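Notes to accompany the following structure.
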Amino acid sequence: MSNRVVCREASHAGSWYTASGSQLNAQLEGWLSQAQSANGPARAIIAPHAGYTYCGACAAHAYKQVDPSITRRVFILGPSHHVPLSRCALSPAEIYRTPLYDLRIDQKDNFSIVPVLVGALSESKEQEYGKLLSKYLADPSNLFVISSDFCHWGQRFRYTYYDEAQGEIYRSIENLDKMGMGIIEQLDPISFSNYLKKYHNTICGRHPIGVLLNAVAELKKNGVDMNFSFLNYAQSSQCRNWQDSSVSYAAGALIVH
């Protein structure tokens, strides 16, 4: 039998972000230095996952709320972009490689990660997984990173919702996104689900967000006091005609009181 360690390489290094550890560290430090700390360390964050040139500055507003001194395990919930999946899946890898350093997956060391690939879950499955993960969300040494961009607008995304009352297309997109962001801040999974059914906003991490909201709802039943606030919003470009396209980014943090 082989004792070879299974590693996941940094497949997007050199394209979506630099493959140079020193350059990447400098970029991250620069973005983080421009962001402000809010009230208290975050127990969970929602952050974008596009190329860092597009979303790094926005994402920093979420990661700035993390306190590394108390974080021992990071649950990373992201959407399944390439594999049809109706449940959640865990990684068989033991190590995730990055240009900065290797991350160990759920090992007994100072810092570990639990990557969770979240499929196209039904509402009942979001509730089920939320309940399952709620006990981990309750632990102050755990951090949940909900990886999601917001509206993917344009013909290449097959989504061109436009409310003319908002003016330019990009303002309609912003209004649509911020409507959803406001509902997320209410921490109400049912309202968020209804919003998606009504507008079909192409939030790629809608199911990871749904799992988080259901985990929060489970903790609120037990009297845990929490609030979620979005701290930054951006778009990759400003759409003004039907040939344009854009992806929206939002950064926010969940604080447990």
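The values are calculated or read from the model by the stated rules, or taken from the named source; none is laboratory data. Every value quoted in this text rests on a predicted model; they were computed, and no experiment measured them. With ideal geometry, Cβ positions are generated from the backbone for all residues, glycine too; neighbour counts draw on all protein chains shown. Protein only, heavy atoms only, side chains kept; ligands, DNA and RNA dropped before computing areas. Shrake-Rupley method; radii C 1.70, N 1.55, O 1.52, S 1.80 Å.
Things worth noting here:
- Extreme residue, nearest to Met226 (Cα to Cα), among residues of the range 43-66 that are open to solvent by 50 Å² or more (accessible area, probe 1.4 Å) and part of a helix (DSSP H, G or I): Tyr63
- Subset of the range 233-243 (residues that are closer than 19 Å to Cys204 by Cβ and open to solvent by 20 Å² or more (accessible area, probe 1.4 Å)): Tyr233, Ala234, Gln235, Ser236, Ser237
- The range 103-127 - residue that is acidic (Asp, Glu) and modelled with pLDDT of 95 or more and, of those, surrounded by the most Cβ atoms within 10 Å (Cβ to Cβ): Glu126
- Scanning the range 65-87 for residues that are in contact (Cβ under 8 Å) with a residue 60 or more places away in the chain and closer than 22 Å to Asp149 by Cα returns Gln65, Val66, Val74, Phe75, Ile76, Leu77, Gly78, Pro79, His81.
- Scanning the range 76-93 for residues that are open to solvent by 10 Å² or more (accessible area, probe 1.4 Å) and under 14 Å from the mean Cα position of the chain (by Cα) returns Ile76, Gly78, Pro79, Ser80, His81.
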